[in-house]
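The structure appears below as structure tokens.
No value in this document is a laboratory result; all are computed from the given coordinates. Bear in mind that the values here come from a model prediction, so they are computed numbers and not experimental data. Glycine also receives a Cβ, built like all others from the backbone with ideal geometry; neighbour counts cover every protein chain displayed.
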Amino acid sequence: MTDVRIQKLELTDCEDKIEQNYYDWGRERSKEGWVDPTWENATQQQRRAVSLRGYALYDGCPAPQGNDITAAEIWATVGFRSRMVEPDAVRILARADKVPPLLARIPDDAQLEKASAEQIAAAAEIIRSLIAYQISFAKITKMLHKKRPAFMPVLDSVVFDFLWKNFPHVIKQASPVEELLHLCQSILQVYIRPVGQIRADLARRGFPLSNARVLDWILWIGWRNSGFGKPIVRTWETSSLAEAKAKAQKQWETTLQSFHS
């Protein structure tokens, strides 16, 4: 099992934690309550069957590649609890004609860890072009991840909270989306070895994912119940934002030195 620590985030047994989340997604619930047992009480056979069911809801749900936005990838986000509803789909499709020439700059098999500045700029412009009433970064990036699964990270509220509170020396709450994508790329490049190990282990279990999606999972699981919603001064145990920035920068520089040594 693989353990990962990124700034103030620590996640142990990443492969099991990710599979357990698929299990939670795939559990059936009836009018009377849960049909499937909890993860702790499930047999290995039950764990596998229910986890694969959860995986199929979003990550395993096929979506057309290419450069056109379609209803298929819009509705696939429902399996990731995007709260996408019919008026949201209409708003996205109403703006979808702006996307193909921008998405064409990003190959179907583009990888975030190897992406160019031009590709990241195109992705940021796509996100901006689709923002509308009730259409946030989270819904847009969950949809775009299905178009470019190895390139587009999912920037939901938990991941965004992790990014700015753990890297306040790099981004701000109001930073443009390009800076968020560049930061995700930088983190992935530094942690590519453990992320690759987790990816390989999950693929052997029947859950093929991209490196970008594995990183998403690590950040989401590791932060939602430990740091999400906590003030940044509590995150870094400081009395000011300036101190928090200094501590975050020092810790990240130490991490970079260790990975490059």
In Å, the Kirkwood hydrodynamic radius from C-alpha pairs for segment 141-232 sits at 13.6
Report the charge-dipole magnitude of the chain in Debye, nearest 20, computed about the Cα centre from +1 at each Lys and Arg Cβ and -1 at each Asp and Glu Cβ. 280
Cβ-derived FRET efficiency at R0 45 Å, R95 paired with E32, nearest 0.05: 0.60
Alpha-carbon centroid distance for the pair segment 53-120 / segment 180-252, whole angstrom: 23
Label model pair Q46, V78: point-to-point distance (7 angstrom along the Cα→beta-carbon line) in nm is 2.8
Restraint check, K8/K114; K146/K247; K31/K165; K31/K230; K147/K247; K139/K245, Cα-Cα greater than 31 Å: K146/K247; K31/K165; K31/K230; K147/K247
Neighbour net charge for Y58 - beta-carbon separation under 14 angstrom, K R +1, D E -1: +3
At q = 0.12, 0.18, 0.19 Å⁻¹, the log10 of I(q)/I(0) for segment 1-120 from a Debye sum over equal Cα scatterers comes to -0.68, -1.10, -1.13
How much net charge surrounds A72 when only other residues with a Cβ under 14 Å from its Cβ are counted (Lys, Arg +1; Asp, Glu -1)? +1
Quick one: dipole size for segment 61-152, taken about the Cα centre, charges +1 on Lys/Arg Cβ and -1 on Asp/Glu Cβ, in debye to the nearest 20. 280
Once the dipole of the chain is set up from charges on Cβ (+1 Lys and Arg, -1 Asp and Glu), the residue from the list Q65, G222, N41 lying farthest towards its positive end is G222
Run the simple label-point estimate for A71 and D108 please: 7 Å along Cα→C-beta, distance reported in nm. 2.3
Taking every pair of alpha-carbon atoms in the chain, give the share separated by more than 33 Å as a whole percent. 21
For D216, what is the net charge nearby, where nearby means another residue's Cβ is under 14 Å from its Cβ and Lys, Arg count +1, Asp, Glu -1? +4
In the chain, with Lys and Arg counted as +1 and Asp and Glu as -1 at Cβ, which of these residues, S129, Q111, N211, has the Cα nearest the positive end of the dipole, that is, farthest along it? S129
I want to make sure I understand the PRE zone here: with the label point 7 angstrom from the Cα of E178 toward its beta carbon, which residues in segment 109-146 have backbone N atoms less than 20 Å away? 111-131, 137, 141
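Evaluate 2.2 N^0.38 Å with N set to the residue count of segment 61-152, then give the Cα radius of gyration divided by it.
Against the empirical 2.2 N^0.38 Å value, I get 0.98 for segment 61-152.
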